[in-house]
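Quick note: the coordinates plus some simple rules give every number you see, no bench work behind them. Keep in mind it's a predicted model, so treat the numbers as computed, not measured. Here Cβ is always computed from backbone atoms with ideal geometry, including for glycine, and neighbour counts include all displayed protein chains.
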Amino acid sequence: MTNDLSYDLLVKGGQVIDPYQGIDAFLDVAIRDGKIETVSPNIVDNTASQIVDASGLIVTPGLIDLHTHAYWGASLYGVEPDSSHISKGVTTVLDTGSSGADTFPAFRKYVIERSNTRILALLNISSMGMVVGYGGLEDPRWANINKAVQVGKKNSDVVVGIKARIPPMAANDYRAIVSRAITAADELNGFFMLHLGGTSLSVSERLDLLRSGDVVTHAFRLSDNGQGILDDNQQVLDAAWAAKKRGVIFDIGHGSGSFSFETAKNAISQGFTPDTISSDLHFKNIDGPVYDLVTTLSKFLHMGLPLSKVIRMATSTPAKSLGYEGILGTLRPGAVADLALLQTVAGNFDLSDSGGRQIVSATQLLKPITTIKGGQLYNSFTNRAD
């Protein structure tokens, strides 16, 4: 019987927002063989094997979190990916340096290949990864180019670049680690993600090291002690503007200590908006202040960014960074059928930045209802508010 039907799954009646295609309209989404078949108004019900009623919901491409830690049970910060991500509308995550060359094989075998959430990875330039300490780079000798390149090439289907989480250290050692990381990223045809944290090297000097396509995460942290993108007068650094102009990606990477409402509001008011919104979800912030990616997105709605722009920062823009432009992060015909069905809930919600430095009272909150990955439903409407 189903062989006579045009579609495997039909998502009907939702507000479809696909920034990649410039779509924001009430449409139906038809899925066949794990791919988007068509996005059109009023598709006939009896053409599909399964119908999902999306009335009253927002239908977006499956969300993409560009900064997470999914190596649960082994790395310093890892959380179980399916309960943290795919159950919350996030179909694809980027694990940012939880594993290095020596620890990646187990990460792949025991986590990546066993998770419903699609997990891509940045190898830590430290071959041990984030199993202890600050991130395996307390001793620069752990930054091993050859090991990273060898393992990255062997796992090129999931490894998309290199991450460095460098502790405070002498400027020359810092530059040497970044140089090794960028060299390895180049050999993998990937990008380098820089953790913007404290060091003896100024933020401007660090930004000057980055190239088009590289990512600076924690970019909207509190700009205290010269460690953010704002100067002492709360103006965006010239080096930050220059980096953005040459194609460096400025990522949120919320985390426990790396997002400031004050910094974000000041930067956005000057026209300096984030390129991608990510959670940096890990075991120290999953119970607050981060919770999940949709809560992080809600904070930017509260700050006045349009919904379509916020969705773009968690769909098509990170997809492009990952090398999946037009494949993930969009509902165009032929793309992978990853969808997030979200509900906007009205009320009064206290939302905190990192460390609870500022708590705002938001009047709306995005809530994940249903996730579809590769055309398969992963959770039901049990969380749908009346």
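Mind checking which aspartates and glutamates have their Cα closer than 13 Å to the Cα of Lys367? Skip sequence neighbours fewer than 8 apart in that chain.
Lys367 reaches Asp292, Asp386.
As a footprinting exposure proxy, order Leu328, Leu342, Leu201, Leu377 by other Cβ within 10 Å, with the fewest listed first.
Leu377, Leu201, Leu328, Leu342
Along the charge dipole of the chain, pointing to its positive end and built from +1/-1 on Cβ of Lys, Arg, Asp and Glu, which listed residue (Leu301, Ala176, Ile252) has its Cα farthest out?
Ranked along the dipole, the leading option is Ala176.
Go through Lys265/Lys309; Lys109/Lys373; Lys35/Lys154; Lys35/Lys373; Lys163/Lys284; Lys88/Lys373 and tell me which ones have a Cα-Cα distance over 18 Å in this structure.
Over 18 Å Cα-Cα: Lys109/Lys373; Lys35/Lys154; Lys163/Lys284.
Would you mind checking which residues have amide H under 5 Å from Thr91's amide H? H placed 1.01 Å from N; only 5 or more apart, or other chain.
Counting only residues 5 or more places away or on other chains, the set is Leu63.
Taking only the Cα atoms of the chain, how large is their convex hull per residue, in Å³?
For the chain, the hull spanned by Cα atoms encloses 127 Å³ per residue.
Want the number for Ser212 to Lys109: 0.36 nm per residue separation, take away the alpha-carbon distance, what's left?
33.9 nm
How much net charge surrounds Ile177 when only other residues with a Cβ under 12 Å from its Cβ are counted (Lys, Arg +1; Asp, Glu -1)?
+3
How long are the semi-axes of the equivalent ellipsoid of region 1-154, defined as square roots of 5 times the Cα gyration tensor eigenvalues? Whole Å, largest first.
41, 15, 13
Taking the Cα centre of region 279-368 as origin, sum charge times position over the Cβ atoms of Lys and Arg (+1) and Asp and Glu (-1), and report the length of that vector in debye to the nearest 20.
Dipole of region 279-368, to the nearest 20 debye: 240 debye.
For the chain, what is the mean residue ellipticity at 222 nm derived from helices alone (per DSSP H run of n ≥ 4: -39500 (n - 2.57); sum divided by total residues; nearest 500 deg cm²/dmol)?
My calculation for the chain gives -6000 deg cm²/dmol from helical runs alone.
Could you give each residue of region 315-332 its phi-based ³J(HN,Hα) in whole Hz, using Karplus coefficients 6.51, -1.76, 1.60 with θ = phi - 60°, and x for Gly or Pro?
9, 5, 5, x, 4, 5, 4, 7, x, 10, 4, x, 10, 10, x, 8, 10, 5
Expressed in nm², what is the orientationally averaged projection area of the convex hull enclosing the Cα positions of region 79-224?
Dividing the Cα hull surface by four gives the mean projection, 8.8 nm².
For the chain, give the magnitude of the charge dipole about the Cα centre (Cβ charges: +1 Lys/Arg, -1 Asp/Glu; no others), in debye to the nearest 20.
With Lys and Arg at +1 and Asp and Glu at -1, about 520 debye.
May I ask which residue of Val79, Ala239, Gln50 lies farthest towards the positive end of the charge dipole of the chain, with charges of +1 (Lys, Arg) and -1 (Asp, Glu) on Cβ and the Cα centre as origin?
Ala239
Anything in the chain that counts as a DSSP H helix reaching 18 Å or more along its axis (C-alpha) with Kyte-Doolittle mean of at least -1.0? List them, would you?
Helices meeting the span and hydropathy rule in the chain are 171-187.
Ratio of region 134-212's C-alpha Rg to 2.2 N^0.38 Å, to two decimals?
Cα Rg divided by the expected 2.2 N^0.38 Å: 1.06.
Where does each of 80-87, 216-223 land if you order them by average Cβ count within 10 Å, highest first?
Highest mean packing first, the order is 216-223, 80-87.
What percentages, rounded to whole numbers, describe P(r) for region 254-386 computed over all alpha carbon pairs with 10 Å bin width beginning at zero?
11, 38, 37, 13, 0
For Arg32, list long-range residues whose amide hydrogen, built 1.01 Å from N in the peptide plane, is under 5 Å from its own amide hydrogen.
Those lying under 5 Å, H to H, from Arg32 are Asp8, Glu37.
Measuring from centroid to centroid over Cα atoms, what is the spacing of region 1-73 and region 203-249 in Å?
37
Test of understanding: ordering Val44, Val131 by Cβ neighbours within 10 Å, fewest first, what list do you get?
Neighbour counts put them in this order, fewest first: Val44, Val131.
Tell me the relative contact order for the chain as a rounded percent, counting alpha carbon contacts under 8 Å between residues six or more apart.
Relative contact order of the chain: 19 percent.
At a Förster radius of 45 Å, what calculated FRET efficiency corresponds to the Cβ-Cβ distance of Ser202 and Glu325, to the nearest 0.05?
0.85
Karplus couplings for region 15-26 from phi (6.51 cos²θ - 1.76 cosθ + 1.60, θ = phi - 60°), rounded to Hz, Gly and Pro as x?
7, 7, 10, 10, x, 4, 9, x, 9, 8, 7, 7
Taking the Cα centre of region 236-386 as origin, work out the dipole magnitude from +1 charges on Lys and Arg Cβ and -1 charges on Asp and Glu Cβ, in debye rounded to 20.
360
Could you tell me the center-to-center distance, by alpha carbons, between region 285-310 and region 332-358 in angstrom?
Their Cα centres are 5 Å away from one another.
Out of the DSSP beta bridges found with both residues in the chain, what percent are antiparallel (nearest 5)?
50
If you build a Gaussian network model of the chain, linking Cα atoms that sit under 10 Å apart, which residue out of Ala143, Ala121, Ala74 swings the most?
Ala74
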